[in-house]
Structure formats: structure tokens, C-alpha cells
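First the structure, in the form of C-alpha cells, and then the observations on it.
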Amino acid sequence: SNLVITYSRRRRARKKKLEQEPVNVEQSNKGIAVTGMILLQSSGYVFVISVCQFCLSEEDCEVNYGTIFEKEDVIVHYFCMLLSSGLCQNARVSDKKSILGFTLVDIKKELHRGSRLKCCFCRQKGATIGCCVKSCRKVFHLSCGREHGTMHQFFDSFRSYCENHRPEQKLPKKKPGQLNPAKTCSICFCLVTSKASCDTLIPPCCQKSLFHRQCMQQYSLSAGMHYFKCPLCNSVEEFQMEMRSYGIYIPDQDASWEREPNAFEELLERHNCCDVSECACPEGRQFDADSGKFELLLCGWCGAYGSHKACNGLVWRGVHLVCCDCAEIIDNGE
């Protein structure tokens, strides 16, 4: 009986709190959505989970939904903003008052517009993405669309297609005696469906190969637009256009390995060692005098080989002192 009383008190206190602080509440199949939060009720307790206000999904998956942003009272996925039919970037991407060019006022207007539209998959309100085919009236959440095979293009006018109207790749016709396409993804080397589908992609340049869509999207996010190319033949323009046309988001950014802290720090380090097999300097190989016979000199071509003047590890080629390896290259070139 004490447990029942405790639960009733908590329920009354929660109800009173919601009445004192009016919020936009919408029922969903996951719980109660309250301005970017999900209230999961279990055993008299309420668990608060941050969710995207567009798709009502708590998933923080950059591959499927993009980065999730939280600013003031707005929590949204980046892809949900890009693909919403009535939302435009009316500010600069660098504007700190906006979310990558999407103002909070515009986002709230789009949320209000979606509050009157029901998703064709989950039948819940809040759908802001519509199929771009004029004769099709389907609208849906991005999370629901991902689960049911919709496709989205992240360029030009950011078109979205429902599962019935999505463009499909076609496998090349097999010639007599030609082997079946590879049945493993060329990125992760795991099994892949040997036909064009919503989970499989075929490169236009290497049509005997197949890729998982998830693997290709992860590769795109890592490489960025400047390094995203066919992993097999290095085709760039044709490959990028095909991947974008079939739903791969290619961010206009540097590759992940270039964005790591101090990624090029070693380029600022100068070689500081005498590499001659028998160094004549009594102070050691790393000693570098300001002048004289124990001044440390570097190869004028590669800069990766050092020698004290007294050690005679460098030779003249033209106006440069170079190491033996570079000297050999120069001699062969002449």
C-alpha cells in the first residue's frame, strides 16, 4: 500500500508541475515528447531523454541523422533540418545565433507546420519531410523513413523520395560467361546483398563491386569532399555524383585525419642528428655548433639527412650539399 501511495503522490506532483509550466506535449509511440525531451514512465519514475524535435528520435548517429545540435530550447538533427520541406537557411553558417545557418525562429515555424502533419509510417504528428514526386502525398519523419527505405539527396534542392518512388541503381547486364558480382563489401569485406537495394550501392566506375550504404556514408564523413573517391580506382567526379544521387551525404570539410589536433606538428620539427655511420663529434650526434667543423648541416634536397662538417657526409651537386641518396637521383636524372 505504501508503494501505491508513493506512486500516486509522484503522479500528482508531476501533473502539478506540468500544469505550472505549460509546454508543447505530443504523444508518441516512445513516450511523451516535451520540447526536445522524451519522458519515459516506468514504475512510478520518469526518465528524461533528449530527442530531436523533428523526428522524435533519441539516436545520436551521425551516419544516419547527422550531428545533433542543442541550442536554447531547440534540439535537432542536422539531416532533419536539411531535409525538412519548409525550412531554409536564411542566415550565414557562421552566425552564432543560428544552427549552421538555420535560425531558431525558422526552426520553430517548421516544427509548428509539422505538428499538423501525420507521418505515413508511425501515424504520429510532426512529419516535416515529404516525397518530392508531385503526385505523392506521403510525409514522414526522417527516423521512420530510414526504417522503411526512403532515400534522401543532400545537394541541390535536397529532394526526398518515399520507398515507392526512390530511384534505384541497376546492375550491369552480364555478358556470356561473366562471373557474378562480388558478394562482399569492398570496404568492410563482409557479406552484402548482390543486387541494388536501399542498403547496397554500386560504383559507376567499378560495377563489379558492391558497397554497404552504411560503410560508404561512414567513409564519406571521414574523407570529406576533397578526399572522397572510389576506393578501388580513385575515380572522383563520376563517383561522387553517383553516390550523391543515391543518398550519400558528402560534407564539404577536410578529412578527419587532417582535423586531428596537431596533425602536422611533425612538419615543424627540424632534423637534428648527424647520420654518418662514424660521427667525429666528441659531443655526440645531436650537437650543433653555431659555426666551425661541428656545425650540423642538412641535405639541401630532402632535409632528412644530417652531417657535421667534419664528418663529410654530404656532397656537392651544383650549388647544394646533398646526401648520397639524393646525389644518386640527381646523377640518374642527368
When the residues of segment 303-320 are narrowed to those that are open to solvent by less than 40 Å² (accessible area, probe 1.4 Å) and not in a helix (DSSP H, G or I), which ends up farthest from CYS273 (Cα to Cα)?
LEU314
Flag for LYS97 being of a type outside the set (Asp, Glu), open to solvent by 100 Å² or more (accessible area, probe 1.4 Å) and either modelled with pLDDT of 50 or more or in contact with a Cys (Cβ under 7 Å, 6 or more places away or on another chain) (or both):
yes
Starting from segment 102-124, take each residue that is in contact (Cβ under 8 Å) with a residue 12 or more places away in the chain and within 11 Å of HIS141 (Cβ to Cβ) and list its partners that are of a type in the set (D, E, K, R) and not in a helix (DSSP H, G or I), counting only C-beta distances under 7 angstrom and pairs at least six apart or across chains.
LEU117/LYS125; LYS118/LYS125; CYS120/LYS138; GLN124/LYS118
Any residue that is modelled with pLDDT of 90 or more, over 26 Å from PHE211 (Cβ atoms) and not aromatic (Phe, Trp, Tyr) - is there at least one of those in segment 141-149?
yes
Name the residues in segment 100-119 that are open to solvent by 40 Å² or more (accessible area, probe 1.4 Å) and part of a loop (DSSP other than H, G, I, E, B), would you?
LEU100, ARG116, LEU117
Quickly run through segment 251-267 and pick out the residues that are part of a loop (DSSP other than H, G, I, E, B) and not charged (D, E, K, R).
PRO251, GLN253, ALA255, PRO261, ASN262, ALA263, PHE264
For residues in segment 129-144 being more than 15 Å from LEU117 (Cα to Cα) and not charged (D, E, K, R), which is surrounded by the most Cβ atoms within 10 Å (Cβ to Cβ)?
SER143
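The values are calculated or read from the model by the stated rules, or taken from the named source; none is laboratory data. Treat the numbers as computed from the prediction; the structure is a model and nothing was measured. Here Cβ is always computed from backbone atoms with ideal geometry, including for glycine, and neighbour counts include all displayed protein chains. These accessible areas exclude ligands, DNA and RNA; they are computed on the full protein's heavy atoms, side chains included. Shrake-Rupley method; radii C 1.70, N 1.55, O 1.52, S 1.80 Å.
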